[in-house]
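**Student:** Below are the structure tokens for one structure; questions will follow.
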Amino acid sequence: MPDHEIPKDHPRYLSLTIREAIIKGMHQKVVAEAGLIAHGRGEAFDYLLGERSPPFAMRQQEFAVLTMLQAENPIISVNGNLAAMCPEETVVLGKLLNAPLEINLFYRSQEREQAIKKTLIDAGADIILGLDPDYQDTIEELSHLRRIVDSRGISTSDCVFVPLEDGDRAQALKRLGKSVVTVDLNPLSRTSLTATVSITNNIIRSVPEMIKITKDMTLLSKTELKKRLEQYNNEKLLQEALLFMSERLKALATSDLMLK
Ligand code: ATP
Ligand code: MG
């Protein structure tokens, strides 16, 4: 076994495997250096969830799938961390939801764009938006390269799935009148507090769970989708996420805490 290989019986095997995927992604130029820091922040919140998907997260994921199924032109915005952690699952979800993938980066460079494109193609993607200069559009209120979007994708879409997004961009998309669906382990990030649907869960669990939910819901009529959507409230679900974390901490604080 090479030195860096993670033993399968390690109690935190999954978390360490994901960390390896992110580090490998950085060496392949898929992940930006800052992506490592963002991942670490997410991991801290996942500890508060108990590294499982709580019931409120399952409801947030149903809300997300319903929102995307109801949209006219949903799109999935892919960044380096998403491509490094769950490329195959993202491709499958896109196909099920009829949502194209658009590469949209905070730290943009041609090298990263090409590395992410290769990762997605290897994972089974057909069409990838966001790279063709002939279809470049801009989000006026954002500065520098972060503003570039695809005129066939995010620019004209009514519903953008932007997991692991920065708050500024989530806010800009929302101000353009789009539904914004995100996955962000921090329920207090600006992204979570801005989005139309915020999923407080680890992306590594969330995308596979959303695939299952989509398969269950894909045949629902537009009327049924609309009716079901009325049962969800993003702010209430975020409040539930905060309550879950605080109650879990409180239970731990009054229990036999130390590992034997
Ligand atoms: P914001 O800009 O929204 O206020 P931020 O500046 O704190 O947030 P960013 O680096 O802009 O953070 O965005 C990354 C977000 O993604 C963080 O909130 C982090 O908790 C979250 N995150 C990181 N890794 C994961 C993961 N594996 N699953 C879900 N969320 C994650
Ligand atoms: Mg940010």
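**Student:** Would it be correct to say that Ala99 is in contact with a strand residue (DSSP E or B) (Cβ under 9 Å, 6 or more places away or on another chain) and among the small types (Gly, Ala, Ser)?
**Tutor:** Taking the combined requirement at face value, the residue satisfies it.
**Student:** For residues in segment 170-180 being open to solvent by 20 Å² or more (accessible area, probe 1.4 Å) and not charged (D, E, K, R), which is modelled with the highest pLDDT?
**Tutor:** The qualifying residue modelled with the highest pLDDT is Ser179.
**Student:** Separate question: Does Ala57 satisfy the criteria of being within 13 Å of ligand 1 (Cβ to nearest atom) and either modelled with pLDDT under 95 or under 15 Å from the mean Cα position of the chain (by Cα) (or both)?
**Tutor:** Values: within 13 Å of ligand 1 (Cβ to nearest atom): yes; either modelled with pLDDT under 95 or under 15 Å from the mean Cα position of the chain (by Cα) (or both): yes.
Here the answer is yes, as Ala57 does meet what is asked.
Here is a yes/no grid of residues against (1) in contact (Cβ under 8 Å) with a residue 24 or more places away in the chain; (2) open to solvent by 10 Å² or more (accessible area, probe 1.4 Å); (3) of a type outside the set (Ser, Thr, Tyr):
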residue	(1), (2), (3)
Asp158	yes, yes, yes
Pro163	yes, no, yes
Asp168	yes, yes, yes
Thr182	no, no, no
Ser189	no, yes, no
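**Student:** Let me ask something additional. Picking from Lys236, Lys226, Lys250, which residue would you name as being under 26 Å from Gly94 (Cβ atoms), in a helix (DSSP H, G or I) and open to solvent by 90 Å² or more (accessible area, probe 1.4 Å)?
**Tutor:** Of Lys236, Lys226, Lys250, the one residue that is under 26 Å from Gly94 (Cβ atoms), in a helix (DSSP H, G or I) and open to solvent by 90 Å² or more (accessible area, probe 1.4 Å) is Lys226.
**Student:** Oh, and also: Filter segment 158-190 for residues that are closer than 22 Å to Met210 by Cβ, within 17 Å of the chain's Cα centre (by Cα) and in a loop (DSSP other than H, G, I, E, B) and give the result.
**Tutor:** Of everything in segment 158-190, those that are closer than 22 Å to Met210 by Cβ, within 17 Å of the chain's Cα centre (by Cα) and in a loop (DSSP other than H, G, I, E, B) turn out to be Val162, Pro163, Leu164, Glu165, Asp166, Lys178, Asp184, Leu185, Asn186, Pro187, Ser189.
**Student:** Let me confirm something: among Leu176, Leu238, which residue is more than 15 Å from ligand 1 (Cβ to nearest atom) and more than 27 Å from Pro87 (Cβ to Cβ)?
**Tutor:** Among Leu176, Leu238, only Leu176 is more than 15 Å from ligand 1 (Cβ to nearest atom) and more than 27 Å from Pro87 (Cβ to Cβ).
**Student:** Across segment 145-179, what is the number of residues that are of a type in the set (Lys, Arg) and within 16 Å of ligand 2 (Cβ to nearest atom)?
**Tutor:** The number of residues fulfilling the criteria is 4.
**Student:** Further question on the same structure: Just the residues that are of a type outside the set (Val, Ile, Thr), touching a residue at least 60 places away in the same chain (Cβ under 8 Å) and buried (at least 19 other Cβ atoms within 10 Å of the Cβ), please, taken from segment 191-208.
**Tutor:** Ser198, Asn201, Asn202, Arg205, Ser206
**Student:** Please name all residue pairs, on different chains or six or more residues apart, with Cβ atoms under 7 Å, provided the first residue is in segment 130-145 and is free of Cβ contacts under 8 Å to residues at least 24 places away in the same chain and the second residue is open to solvent by 70 Å² or more (accessible area, probe 1.4 Å).
**Tutor:** That search, which allows pairs on different chains as well, returns Tyr135/Arg152.
**Student:** Determine, yes or no, whether Glu111 is modelled with pLDDT under 95 and more than 16 Å from ligand 2 (Cβ to nearest atom).
**Tutor:** No, not satisfied.
The values are calculated or read from the model by the stated rules, or taken from the named source; none is laboratory data. Everything quoted here is computed from the prediction, not taken from an experiment. Note: ideal-geometry Cβ built from the backbone for every residue, glycine included; neighbour counts use all protein chains shown. For accessibility, only protein heavy atoms count, side chains too; no ligands or nucleic acids. Shrake-Rupley method; radii C 1.70, N 1.55, O 1.52, S 1.80 Å.
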